[in-house]
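Working notes for the structure below.
The values are calculated or read from the model by the stated rules, or taken from the named source; none is laboratory data. Since this is a predicted model, take the numbers as computed values, not measurements. We place every Cβ from the backbone using ideal geometry, glycine too, and count neighbours over all the protein chains shown.
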Amino acid sequence: MTHYFSDNNDLISNRKEHKFSFYGNDFIFITDTGVFSKSGIDEGTIILLDAIMQENITGDVMDLGCGYGVISIILKRLLNNINMTAIDINGRAIELTQLNAEKNQVDITSFVNDGFTDINDHYDVIISNPPIRTGKKVIYKLFDEAYEHLNESGTLYIVIRRKQGAESAFKKIEELFSNCEIIKRNKGYWVLKAKKV
């Protein structure tokens, strides 16, 4: 079975356009078969974005598992002081991210990558709506790699549903970073924040 968290460019394409408004800005996103949340922006991503807009993020930002680029594109449009990099294992997702960045007239860096494999750069902020269905082993490895690729005092932001393992994710991140806080709870989703100290 092919999943959105695999490289699945062989699936038959069925692109759709979705309009989305956020903080008074209008966006257009093209989605396709074989990418996460192809029917429109998912609730977890909206809740995560809303939480991040209350934070003061600057510098080099990574959108880990970017899908078709929602987080990267919206934050790049709304925040002046960030350089945005978006990665995903799914080649079709990255193709859409590049298309959507162009449509929404933002400048981001995006490329296909399996987690942080072969990435040597470090970031001030890493943001992810992680692929929960891959299982804890994969997700926790991403947390470990995110920690290693954060600059000192860098921050990790994650959204996860309580019923899909938010409590255990909180414990894992707290163990890894020696801190973790829930900065937003909404509709069963938790937004977790941890700072590298």
Subset of the range 52-108, residues at positive phi and out of contact with any Pro (no Cβ under 7 Å at 6 or more places or on another chain), comes to 59, 67, 69, 105
Given the condition surrounded by fewer than 16 Cβ atoms within 10 Å (Cβ to Cβ) and in a strand (DSSP E or B), answer yes or no: does some residue in the range 87-108 qualify?
no
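Conditions tested, residue by residue: (1) over 23 Å from residue 145 (Cα atoms); (2) in contact with a His (Cβ under 7 Å, 6 or more places away or on another chain); (3) free of Cβ contacts under 8 Å to residues at least 24 places away in the same chain.
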| site | (1), (2), (3) |
| --- | --- |
| 11 | yes, no, no |
| 21 | yes, no, yes |
| 30 | yes, no, no |
| 46 | yes, no, no |
| 60 | no, no, no |
| 64 | no, no, no |
| 78 | yes, no, no |
| 89 | no, no, no |
Neighbours by Cβ (under 7 Å, 6+ apart or cross-chain): first from the range 172-192, under 16 Å from residue 140 (Cα atoms); second part of a loop (DSSP other than H, G, I, E, B) and at pLDDT 95 or above
173/180; 174/180; 177/196; 192/180
What are the residues in the range 41-92 that are over 12 Å from the mean Cα position of the chain (by Cα), modelled with pLDDT of 95 or more and either within 13 Å of residue 112 (Cβ to Cβ) or of a type in the set (S, T, N, Q) (or both), if any?
54, 58, 83
Conditions first: (1) exposed (fewer than 14 other Cβ atoms within 10 Å of the Cβ); (2) part of a loop (DSSP other than H, G, I, E, B). Residue 163 passes all but one, so which condition is the exception?
(2)
Limited to the range 32-73, what total is found for residues that are under 15 Å from residue 86 (Cβ atoms) and of a type in the set (Asp, Glu)?
2
Among the numbered criteria (1) at pLDDT below 95; (2) aromatic (Phe, Trp, Tyr); (3) surrounded by fewer than 16 Cβ atoms within 10 Å (Cβ to Cβ), which one does residue 111 miss?
(1)
Failed condition for residue 133, given (1) at pLDDT below 95; (2) out of contact with any strand residue (DSSP E or B) (no Cβ under 9 Å at 6 or more places or on another chain); (3) not in a helix (DSSP H, G or I), with all others met?
(3)
On the given criteria, is residue 26 under 21 Å from residue 143 (Cβ atoms) and among the charged types (D, E, K, R)?
no
Only one of these conditions is not met by residue 127: (1) among the hydrophobic types (A, V, I, L, M, F, W, C); (2) buried (at least 21 other Cβ atoms within 10 Å of the Cβ); (3) modelled with pLDDT under 95. Which number is it?
(3)
